[in-house]
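Enquirer: Submitted below is the structure of interest, expressed as structure tokens.
The values are calculated or read from the model by the stated rules, or taken from the named source; none is laboratory data. Since we're looking at a predicted model, the values are computed, not measured. Note: ideal-geometry Cβ built from the backbone for every residue, glycine included; neighbour counts use all protein chains shown.
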Amino acid sequence: MPLTVAQLCAMTEPQMIPRAGLQSLGNRINWIVSTEHLEPRNWLRGGEFLLMCGWNLRPSRSMYHRYIEHLHSSNLAGLGFGVGFKFERIPDQMIERANELGFPICEVPFELAFAQISRRATEFILEERYSGNNIGSLLKNGFLDEVVEGDMTLEDIAVRASHSLLCNCYFVCQRRGVIARALRNAHERLMEIDPTRRTSRYCTDSVTLELHRDDDSLSRAERVVLDVILLAAKILLRRDRAVAVERTRLTADLFDELAAQDLTPEQATRRLSAFGLSPVESYCAISVRLSRDARPADLAPAEELVSTAAGTKLLTNRGNALEAIWAPKSARAQAQLSADLAGLHPTVSFGIGEIVAGVDVQKSVLQARHIAKRGGTGIFGKRAAGVEDLLAITDKVAARDFATSLLGKSLQHDSLHEIEKLLDAGFNINETASQLGIHRHTLRTRIERFVDVSGLDIRQPEIRPKVWLALKLARLHGESDDLES
């Protein structure tokens with residue numbers, strides 16, 4: 001049972017008297033400190049109970065308020081104010097501000113020595129830390145039963161470890177970094193991992209439990225607690241791994257059924273809903289395959305790319321093939337992933353299906369498999385996507401410099417979208433006007449305005465390739481807001 005401000009008041013003789021912040025007397029005390037410094041935050045970690053007599057306080061309402069606000073923002077458990085020295089009673093302005101903040105202030109009688117308070121608190125804290133009650137509570141309360149029955153998460157185990165071992169606790173995965181954490185106190189900040197302040201114990205081949213504490217030595221009781229925590233984490237991680245393996249198998253079966261077209265649209269919708277996919281949201285399928293002379297390890301970079309892409313919903317790895325259902329944010333994100341996959345090992349082929357509604361995802365799966373099976377790479381039905389993939393991965397600075405130097409002020413021209421469409425269509429004015437839904441004479445007027453502003457006469461065939469390339473680079477690399485629309 002942790003030491004609280006109310007308990008500390010009750011265990012001293014004569015007793016300390018709570019004067020302010022009575023609603024927070026349940027604050028947990030981690031240690032006792034004594035200082036007359038008016039801004040002691042740099043020497044505190046949070047959770048301390050501060051003892052002082054106010055020698056450095058001047059009789060100023062603003063100073064009293066600032067001092068209490070500083071202690072409260074330093075996350076102290078409370079303040080013990082010694083009377084009978086400089087002050088016969090705690091200043092009313094301090095009590096007033098402490099009540100507003102819910103910060104406990106206790107009056108320390110003149111007869112009660114600070115050393116006596118520190119001794120009683122230290123004895124209680126050390127007894128609570130080393131008594132072995134933590135391990136008793138873990139086992140008595142059915143901790144391992146909760147883990148086995150699936151009632152706990154890795155975050156819950158981290159919280160139990162943090163509370164029992166009185167330290168910050170992190171579960172760290174070699175691939176994904178920190179996957180669960182718990183801080184000793186809610187007000188403590190997340191700090192960078194300090195190698196001088198941690199005790200590491202392995203849970204599995206890829207997940208480590210890291211304990212961050214001032215003292216890296218563990219008592220006998222704490223070592224027993226740590227063993228129970230590790231056992232619980234191993235049970236949970238291995239159970240989750242078994243669930244993931246089964247989910248992968250079911251996902252592979254789903255892809256096979258979709259590709260074989262064995263499911264009606266209603267059946268496909270029900271099966272996808274079981275995996276959390278909506279029939280009305282937009283998805284696309286991804287299929288990645290290895291050639292016969294490739295090694296399974298060649299598939300790992302592709303799996304990393306697909307699994308970490310924002311919006312990946314389903315993923316299955318068959319050893320020599322990888323398939324996924326993905327919800328890309330935009331066609332540009334789809335093109336970027338295509339470009340990233342194209343840069344992998346030459347033994348890897350891949351296909352990305354069209355972005356379709358969930359009810360039609362079967363079509364996207366067929367498209368992606370079709371491209372990957374014939375050894376191709378790219379997005380189904382996007383002949384120009386390969387060109388934009390290459391342009392998207394060019395150096396941003398160089399691309400922007402080229403676009404700016406060629407187009408200059410015309411980057412802000414309101415007709416860039418129409419000009420790009422016109423050049424995509426091979427300068428076919430009638431076809432472009434029809435696509436844009438405007439009259440051909442309107443398009444001719446916009447061409448003339450563009451020529452006047454940019455000085456680039458796109459009516460001349462030799463000028464068009466440079467302008468087309470500059471417009472593509474400007475849009476792909478965010479140089480022009482107009483083009484993004």
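Enquirer: Does Leu218 satisfy the condition of being in contact with a strand residue (DSSP E or B) (Cβ under 6 Å, 6 or more places away or on another chain), within 17 Å of Ser164 (Cβ to Cβ) and not in a helix (DSSP H, G or I)?
Expert: So Leu218 fails the test.
Enquirer: Let me ask something else. What number of residues in segment 2-30 are within 35 Å of the chain's Cα centre (by Cα) and at positive phi?
Expert: Going through segment 2-30 one residue at a time, the tally reaches 0.
Enquirer: Could I ask something else about it? Give Gly353, Gly378, Gly386 a once-over and let me know the one that is over 25 Å from the mean Cα position of the chain (by Cα), modelled with pLDDT of 85 or more, surrounded by 15 or more Cβ atoms within 10 Å (Cβ to Cβ) and closer than 30 Å to Glu420 by Cβ.
Expert: Testing whether each residue is over 25 Å from the mean Cα position of the chain (by Cα), modelled with pLDDT of 85 or more, surrounded by 15 or more Cβ atoms within 10 Å (Cβ to Cβ) and closer than 30 Å to Glu420 by Cβ leaves just Gly353.
Enquirer: For residues that are in contact with a strand residue (DSSP E or B) (Cβ under 6 Å, 6 or more places away or on another chain) and exposed (fewer than 15 other Cβ atoms within 10 Å of the Cβ), tally how many sit in segment 29-59.
Expert: Number satisfying all stated conditions: 1.
Enquirer: Within segment 414-429, which residues are part of a helix (DSSP H, G or I) and among the acidic types (Asp, Glu)?
Expert: Those that are part of a helix (DSSP H, G or I) and among the acidic types (Asp, Glu): Glu418, Glu420, Asp424.
Enquirer: Taking Gly378 as meeting all but one of (1) out of contact with any Gly (no Cβ under 7 Å at 6 or more places or on another chain); (2) within 28 Å of Asp262 (Cα to Cα), write down the number of the exception.
Expert: Of everything listed in (1) out of contact with any Gly (no Cβ under 7 Å at 6 or more places or on another chain); (2) within 28 Å of Asp262 (Cα to Cα), Gly378 misses just condition (1).
Enquirer: Which one of Ala268, Ala242, Ala232, Ala260 is surrounded by fewer than 16 Cβ atoms within 10 Å (Cβ to Cβ) and modelled with pLDDT of 80 or more?
Expert: Criteria check complete, one pass: Ala242.
Enquirer: Regarding Thr316, is this residue surrounded by 15 or more Cβ atoms within 10 Å (Cβ to Cβ), in contact with a strand residue (DSSP E or B) (Cβ under 7 Å, 6 or more places away or on another chain) and free of Cβ contacts under 8 Å to residues at least 24 places away in the same chain?
Expert: No, not satisfied.
Enquirer: Condition first: over 12 Å from Val288 (Cβ atoms) and small (Gly, Ala, Ser). Now tell me which residues in segment 343-374 satisfy that.
Expert: Gly343, Gly353, Ala357, Gly358, Ser364 - these are the residues of segment 343-374 that are over 12 Å from Val288 (Cβ atoms) and small (Gly, Ala, Ser).
Enquirer: Could you count how many residues in segment 16-45 are part of a loop (DSSP other than H, G, I, E, B) and touching a residue at least 60 places away in the same chain (Cβ under 8 Å)?
Expert: Number satisfying all stated conditions: 7.
Enquirer: Checking the condition in a loop (DSSP other than H, G, I, E, B) and closer than 19 Å to Leu250 by Cβ, which residue from Ser273, Ser307, Ser287, Ser278 passes?
Expert: Being in a loop (DSSP other than H, G, I, E, B) and closer than 19 Å to Leu250 by Cβ holds for just one of Ser273, Ser307, Ser287, Ser278, which is Ser278.
Enquirer: A follow-up question, please. Could you tell me which residue of segment 444-459 is surrounded by the most Cβ atoms within 10 Å (Cβ to Cβ), considering only residues that are in a helix (DSSP H, G or I) and of a type in the set (D, E, K, R)?
Expert: Arg446
Enquirer: Another question about this same structure. Filter segment 310-319 down to the residues that are modelled with pLDDT of 85 or more and not in a strand (DSSP E or B) and list them by number.
Expert: Ala310, Gly311
Enquirer: Is at least one residue of segment 294-307 touching a residue at least 60 places away in the same chain (Cβ under 8 Å) and either among the hydroxyl-bearing types (Ser, Thr, Tyr) or surrounded by 12 or more Cβ atoms within 10 Å (Cβ to Cβ) (or both)?
Expert: Taking every residue of segment 294-307 in turn, none turns out to be touching a residue at least 60 places away in the same chain (Cβ under 8 Å) and either among the hydroxyl-bearing types (Ser, Thr, Tyr) or surrounded by 12 or more Cβ atoms within 10 Å (Cβ to Cβ) (or both).
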